[in-house]
1. Counting just the residues of region 47-92 that are of a type in the set (G, A, S) and in a helix (DSSP H, G or I), which one comes out nearest to I177 (Cα to Cα)?
2. Which of the residues belonging to region 153-177 are more than 21 Å from the chain's Cα centre (by Cα) and touching a residue at least 24 places away in the same chain (Cβ under 8 Å)?
3. Quick check, is W209 open to solvent by 70 Å² or more (accessible area, probe 1.4 Å), hydrophobic (A, V, I, L, M, F, W, C) and in contact (Cβ under 8 Å) with a residue 24 or more places away in the chain?
4. Give me the residue from region 160-189 that is hydrophobic (A, V, I, L, M, F, W, C) and touching a Pro at 6+ places or on another chain (Cβ under 9 Å) and, out of that set, nearest to W126 (Cα to Cα).
5. Go through region 246-282 and report how many residues are farther than 23 Å from T30 by Cα and surrounded by fewer than 19 Cβ atoms within 10 Å (Cβ to Cβ).
6. Could you identify the single residue in W128, W53, W69 that is touching a Ser or Thr at 6+ places or on another chain (Cβ under 8 Å), open to solvent by 70 Å² or more (accessible area, probe 1.4 Å) and on the phi < 0 side of the Ramachandran plot?
7. Of everything in region 167-206, what is open to solvent by 40 Å² or more (accessible area, probe 1.4 Å), over 28 Å from S111 (Cα atoms) and either outside any helix (DSSP H, G or I) or touching a Gly at 6+ places or on another chain (Cβ under 8 Å) (or both)? Give them in sequence order.
8. Pairs, please: C-beta under 6 Å, at least 6 apart or cross-chain, first residue closer than 17 Å to F217 by Cα and in region 178-192, second open to solvent by 60 Å² or more (accessible area, probe 1.4 Å)?
Amino acid sequence: MASYGKLTRHQSRTAYLFITPTMLLFLVFTVIPVVMALYLSFTNYDVLSRMKWVGTDNYKRLFGDVLYWTTFKNVAYYTVVFVPLNIALSLGLAMLFNFRRPGVRLFRAMSYMPTLTSAVAAATVWVWLLHPEYGLVNTMLGYVGVTGPAWLAQTETAMLSIILVTLWQTVGSNMIIYIAGLQGVPDYLYESAKLDGATAIGRFRYITWPQLRPTTFLVSTMSIIGALQLFDQAFVLTQGGPGNVTKTPVYLIYQQGFNQLQMGYASAQAFVLAIAILIFSLINMRVNKSEESVV
């Protein structure tokens with residue numbers, strides 16, 4: 001027993017030794033900045049002048065800031081359209097490529113490649129593709145007699161354009177996650193269903209979809225968090241316009257903090273956004289659990 005206890009203590013010390021560098025990095029680059037930002041949210045810090053404690057003034061100002069809540073409306077519209085499309089396209093591609101056929105791995109790789117592209121670089125390319133006069137998208141539409149809109153300059157299509165670009169870049173990674181989930185579904189469930197005469201739609205409804213609920217929960221949660229943190233595409237494609245219809249909370253925080261040097265107010269905005277992300281994640285978790293209990 002003594003030797004077993006020594007072995008356990010040795011394993012514990014080894015484990016702590018390996019995780020210490022990671023924990024130190026997490027402390028220095030995550031925990032300490034979060035605590036400092038929380039403190040700054042109660043000050044009037046503007047980089048240039050002496051910092052003063054203002055209490056909850058930043059948060060009182062925040063709840064009367066119409067533009068800030070407009071950004072939440074924008075991102076809510078983005079989320080409602082983007083998340084279902086993301087799940088549907090990712091799952092559809094995963095089911096399409098979840099076969100051992102010649103060339104399937106090539107198509108998987110091609111579908112995944114946009115994920116490896118920098119968001120800024122991809123958005124810069126899409127600015128040219130969606131240009132109203134010499135963009136490739138409107139040129140192709142012109143060949144079939146359709147006059148394409150000014151995708152990034154019209155209020156009706158600006159957010160839809162951002163959704164299109166973000167879908168192009170994120171569907172591939174979620175496809176890989178769904179493929180992993182599909183390969184974890186036991187084959188005997190499908191074999192039993194076929195013997196009972198279940199159709200392909202029935203097998204998807206009663207076997208595939210219920211078995212993929214944990215995977216869908218992961219994909220939907222990541223998509224919602226990504227939607228609330230949307231910045232790169234809105235910054236490069238539209239600069240928050242036209243008429244602030246594509247301005248997001250993170251973009252507004254960036255403008256308040258780095259353009260207007262209102263670091264204290266921007267920190268307060270960031271913490272409200274963090275609380276919103278937490279709330280939506282908890283709601284999504286609760287909905288997922290309730291669906292599992294029904295099944």
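The values are calculated or read from the model by the stated rules, or taken from the named source; none is laboratory data. Every value quoted in this text rests on a predicted model; they were computed, and no experiment measured them. Neighbour counts run over all protein chains shown; Cβ positions are idealised from the backbone, glycine included. Surface accessibility is based on the protein's heavy atoms, side chains included, excluding ligands, DNA and RNA. Shrake-Rupley method; radii C 1.70, N 1.55, O 1.52, S 1.80 Å.
1. Looking at residues that are of a type in the set (G, A, S) and in a helix (DSSP H, G or I), I get S90.
2. Matches in region 153-177: A153, Q154, T155.
3. Judged against the criteria, W209 is not a match.
4. Filtering first and then ranking leaves W168.
5. 2
6. Answer to the selection: W53.
7. Across region 167-206, the qualifying residues are D196, G197, T199.
8. If the second residue must be open to solvent by 60 Å² or more (accessible area, probe 1.4 Å), the pairs left are V185/Q211.
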